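The values are calculated or read from the model by the stated rules, or taken from the named source; none is laboratory data. These numbers were taken from a predicted model, which means no experiment stands behind them. Cβ placement follows ideal geometry from the backbone for every residue including glycine, while neighbour counts extend to all protein chains displayed.
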Amino acid sequence: MPDSQPYPETYYAGAYWGPRKETPEECAGRTAVFLGLLAECDPFLAQWYKPARSLKDARKHPLMPPDVATLAGLFRKGVNRERGGPPIEDLGFTFWFGNGGRGNDSADLQVLCGCYSEAVSNVCVLKMPTRLFTVPVLTRVVRSMVLAWEPDWAVATSSDHRDLMSEVGSAGTFAGWVMYQSRRRGTVPPLPAPVRIEPVEDRGTLVILTPERLTASNPEHVALGHRVGELLSKAGLMQPVIPPAR
């Protein structure tokens, strides 16, 4: 029998922040800013469509250029509720959409905004083709997330590497490939080479573990992630965005 081939690593970028009550219009405004910034990151991220039953139908309803009123209406439809029940106001609004790609050559964006529950974080998660996971693109994507959403923490990394870094794997508790720490969480300490640190205006700090693609199959990348995680933990930065219930 032929040797079995390991599954390829999957990558994602996500921004996470704690309770923040916002209206559908405020969520839409942030989304409009984010979509505009994403379009500058790579041409593949310059087109987005409303959710639809089929790709053909979706392409009839572009969201670019972003219109705040249209986006606000979509957020209102995405209010969280029990089936058939009233809106659960403190859980905010959920919205997802895609860029019209096919199969593995597509991008998907999911947003939970306006949540002020103490048990659930607000989040913006972007999934896109592995070919786009390079330091230049990821740096721009995470910066765009920071400027649009003002998160407490953000990361772009592989799911497999995340699982090796933390048993919990919750937002804020592990060292990923490209990370962002809000200044609200504290000051990033000096970190060993090849780690690079960059400010994001006056909002916080980007931490880039390695200029090459980070993988869970590379022992050096795993060791570097653990080392950086330890240093960030000593600085008080490796805290979950949503603290566990007591």
>> Take the residues in segment 97-122 that are surrounded by fewer than 20 Cβ atoms within 10 Å (Cβ to Cβ) and under 13 Å from the mean Cα position of the chain (by Cα); name whichever of them is nearest to residue 38 (Cα to Cα).
In response: 108
> Which is assigned by TED's automatic domain parsing to the domain that holds residue 25, among the hydroxyl-bearing types (Ser, Thr, Tyr), surrounded by 12 or more Cβ atoms within 10 Å (Cβ to Cβ) and more than 20 Å from residue 16 (Cα to Cα), of 94, 70?
Replying inline: 70
> Has segment 141-153 got at least one residue that is over 21 Å from residue 97 (Cβ atoms), touching a helix residue (DSSP H, G or I) at 6+ places or on another chain (Cβ under 7 Å), in a helix (DSSP H, G or I) and not assigned by TED's automatic domain parsing to the domain that holds residue 19?
Replying inline: no
> Of the conditions (1) closer than 29 Å to residue 135 by Cβ; (2) modelled with pLDDT under 95, residue 31 fails just one. Which one is it?
Replying inline: (2)
